[in-house]
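Every number in this text was worked out from the coordinates using simple rules, so none of it is lab data. Everything numeric here is computed off the predicted structure, so don't read it as measured data. FYI the Cβ positions are ideal-geometry reconstructions off the backbone, even for glycines, and counts take in every protein chain you see.
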There are 2 protein chains.
Amino acid sequence: MSTVAKAVSLLETLGADISELGLAELAGRVGFDKTTTRRLLISLIECGLVEQDERSRCYRLGAGISRLALLREAQFPFLRTATPTVERLAQETGETVHLSEYSSRGLVSVHVVESTKANRVSVPVGMILPLHATASGIALLAFARKKLRDAVAEGPFPAFTRHTVSAPEELSKLIEAARARGYSTSTQGFEEGVFSVAAPILGVDGIAIGALAIATPQVRIRKGDIERHGAAVAAGASEIGEHLFGLLPSSAHAAAQPQRARARI
Amino acid sequence: MSTVAKAVSLLETLGADISELGLAELAGRVGFDKTTTRRLLISLIECGLVEQDERSRCYRLGAGISRLALLREAQFPFLRTATPTVERLAQETGETVHLSEYSSRGLVSVHVVESTKANRVSVPVGMILPLHATASGIALLAFARKKLRDAVAEGPFPAFTRHTVSAPEELSKLIEAARARGYSTSTQGFEEGVFSVAAPILGVDGIAIGALAIATPQVRIRKGDIERHGAAVAAGASEIGEHLFGLLPSSAHAAAQPQRARARI
DNA sequence: AACCGCCGTTGCGAATAACGAAATCAACAC
DNA sequence: GTGTTGATTTCGTTATTCGCAACGGCGGTT
């Protein structure tokens, strides 16, 4: 295990837990020696990525993390660009809408607007969504590089509910359907009683870089809701893609949305 | 130099530059061997903190960075809490308002609302502000631990303009004045022609964790503006502090703002 | 006031991860 | 085809990191 991987797993652990952590607790969770843990923490503190409470000696994520994220957002304004669309969709549908971005580690949920209804779906920001078990994941896979699809098809299929996809054929069927319709669906694949619809956000080369999804309690689904929500996320997702890539290089051809046609699948 | 420090300096470099960077360029900038740089990058990619463009082979900050920042924000909602106050102040004053948070590496600018006027001060988000040369830095120092003040008083005083503070006595005088008034001022200390007013945002123990500032072109300053802006940032900053720490432990005593009285200086 | 527990600190032999020169490979221009 | 630039791989050496164990210190407890 490389040193940076160790350092990052410390950061992950600090991010995962709600409360601040002491040295021993932290070392125990990540499975490193106390000395090693502390040496890494000191390095991270010097870089500003971790802070230590002077009084309780507990560790937490530092402002350097936020700084790096802000610098990234300045270069690639995914959140700033997508947020208005997410809010609007939440307003229009009255349901929970969430936005996710793909990274090598998985599909991370980056923005969520929860429904105002009492019975609603809640998605924590920063959560990593399994590709095979969520509508967002299926939408992403439908417009991903073949390499990634194959990797997921091979891999294990951790079951989150009794309805989670568990075979490559089943997965591939969902993916094909999503590609044909432009949006994906998932019924209780990740959480009991939750129904989701998602559409991919496409990058310049037609490869999905994220997903936009609507999640509702299954009991609330009425006839026509699926198609209506599907059309909404598809429109929202391509709107986000156009804003993202239309503005940066040349905003002239934004309306033509030529990306989708060029998708290498 | 520790391995994690190297990895972080890679992240910093990727964040600093506008355009994406190739391996050779990146290795040159950080001063590591090409092989070393690449090995670190691969580790970072596996952790999701860096992404590589498939086509151009260029590297950029990854979604994992944003994810960690979102997890941090969930634990300690500094931005979410402070943003409304910043926006309101910008509205009320018509000038550029910016918010910064302290970390071991310095005072980082985390949110900025620029004035709508043509002649205005611009502050890039993610920038690190020098403690001795900015109003925000002085405000922070006035309510910082003695250790930090001493460290800054000793250290070098990089000059950004002809007016930058350059002696410990001068600095200490500014700090004393800021502590007495509750807000600090800086005249062209960091940038020619810019005048700033700032107030500290205090943590539970009365130690400053950040600052709120108004920055205006010096030529626009009229009689009474300084006092007016000073009162505004002081009120805004303590409002932010109360919201941040009033909500978490017990919101009952928020109005009493007992933190300021307990300041250990 | 004495105790206990936990955190931080130090030293050192062993392990291993990082290092960097050089060779290979890929893409592109001419 | 050939030359150039830059990314990637290989491998022996080196230096860093690892982790055990023991010590010192602060805070909270009894």
Starting with the fewest neighbours, write out A:GLU51, A:GLU92 ranked by other beta-carbon atoms found within 10 Å of each beta-carbon. A:GLU92, A:GLU51
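For region B:106-201, which trypsin sites (Lys or Arg not before Pro) are both in a DSSP coil and crowded by at most 13 other Cβ atoms within 10 Å? Working shown, then result.
Values: sites: B:LYS117, B:ARG120, B:ARG145, B:LYS146, B:LYS147, B:ARG149, B:ARG162, B:LYS173, B:ARG179, B:ARG181; in loops: B:LYS117, B:ARG120, B:ARG145, B:ARG162.
Here the trypsin sites (Lys or Arg not before Pro) that fit, given the DSSP loop and packing criteria, are B:LYS117, B:ARG162.
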Measuring from centroid to centroid over Cα atoms, what is the spacing of region B:83-137 and region A:88-104 in Å? 30 Å
Could you check which residue among B:ILE138, B:ILE175, B:ILE221 shows the biggest mean-square fluctuation in a GNM of chain B with a 10 Å Cα cutoff? B:ILE221
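With runs of 4+ DSSP H residues as the only contributors, calculate the mean residue ellipticity of chain B at 222 nm using -39,500 (n - 2.57) per run, divided by the residue total and rounded to the nearest 500. Don't skip to the answer; put the middle values down first.
Working: 9 runs with 119 residues, N = 265.
Theoretical 222 nm ellipticity from helices: -14500 deg cm²/dmol.
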Could you compute Rg(Cα) / (2.2 N^0.38 Å) for the protein assembly as shown, with N its residue count? 1.03
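In a shell of Cβ-Cβ distance under 11 Å around B:SER109, excluding B:SER109 itself, what net charge do Lys and Arg (+1) and Asp and Glu (-1) give?
Details: positive: A:ARG67; negative: B:GLU101.
Computed value for this residue: 0.
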Taking only Cα atoms, what is the 0 to 90° angle, nearest 10, from helix A:225-247's long axis to the longest principal axis of chain A? 70 degrees
What are the nm distances, shortest first, from A:ALA74 to its equivalents in the other copies, labels at 7 Å along Cα→Cβ? 2.7
Degrees, to the nearest 10: A:34-46 long Cα axis against longest axis of chain A: 70 degrees
Of A:VAL204, A:VAL30, A:VAL112, the most mobile residue in a GNM of chain A (C-alpha springs, cutoff 10 Å) is A:VAL30
Selection of trypsin sites (Lys or Arg not before Pro), region A:197-237, meeting DSSP coil and at most 11 other Cβ within 10 Å: A:ARG222, A:LYS223
Euclidean distance between Cα centres, region B:1-53 to region B:159-206, Å: 35 Å
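For region B:76-262, just say rounded, prolate or oblate: build the C-alpha gyration tensor, square-root its eigenvalues into a ≥ b ≥ c, call rounded for a/c under 1.5, and beyond that prolate if a/b exceeds b/c, oblate if not. Mind showing how you got there, number by number?
On the way: a/c = 1.65, a/b = 1.16, b/c = 1.42.
Taking the square roots of the gyration eigenvalues as a ≥ b ≥ c, region B:76-262 is oblate.
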Calculate, for A:ARG220 and A:GLU87, the FRET efficiency according to 1/(1 + (r/R0)^6) with r their C-beta to C-beta distance and R0 30 Å; round to the nearest 0.05. 0.90
Taking Cα pairs closer than 8 Å and at least 6 residues apart, the relative contact order of chain B in percent is 14 percent
Going fewest to most other Cβ atoms within 10 Å around each Cβ, A:LEU79, A:LEU61, B:LEU44 line up as A:LEU79, A:LEU61, B:LEU44
Structure shown: which of A:LYS6/A:LYS34; A:LYS173/A:LYS223; A:LYS147/B:LYS6; A:LYS146/A:LYS173; B:LYS146/B:LYS173 lie over 20 Å apart, alpha-carbon to alpha-carbon? A:LYS173/A:LYS223; A:LYS147/B:LYS6
Between A:GLU227, A:GLU20, A:GLU191, which gets the highest mean-square fluctuation from a Gaussian network model of chain A, Cα cutoff 10 Å? A:GLU20
Put a label point 7 Å from Cα along the Cβ direction on A:ASP33, then list its distances to the equivalent points in the other copies in nm, shortest first. 2.6
Neighbour-count ranking [beta-carbon atoms within 10 angstrom, fewest first] of A:CYS58, A:CYS47: A:CYS58, A:CYS47
Output ³J(HN,Hα) for region A:53-68: one whole-Hz value per residue in order, computed from phi by the Karplus curve 6.51 cos²θ - 1.76 cosθ + 1.60 with θ = phi - 60°, and x for Gly and Pro. 5, 4, 7, 7, 6, 7, 9, 8, 5, x, 5, x, 4, 4, 4, 4
Copies of B:GLU154 compared via label points 7 Å along Cα→Cβ give distances in nm, shortest first, of 5.5
In terms of Cα to Cα distance under 14 Å, which aspartates and glutamates are near enough to A:LYS117, apart from those fewer than 8 places away along the same chain? A:GLU92, A:GLU95
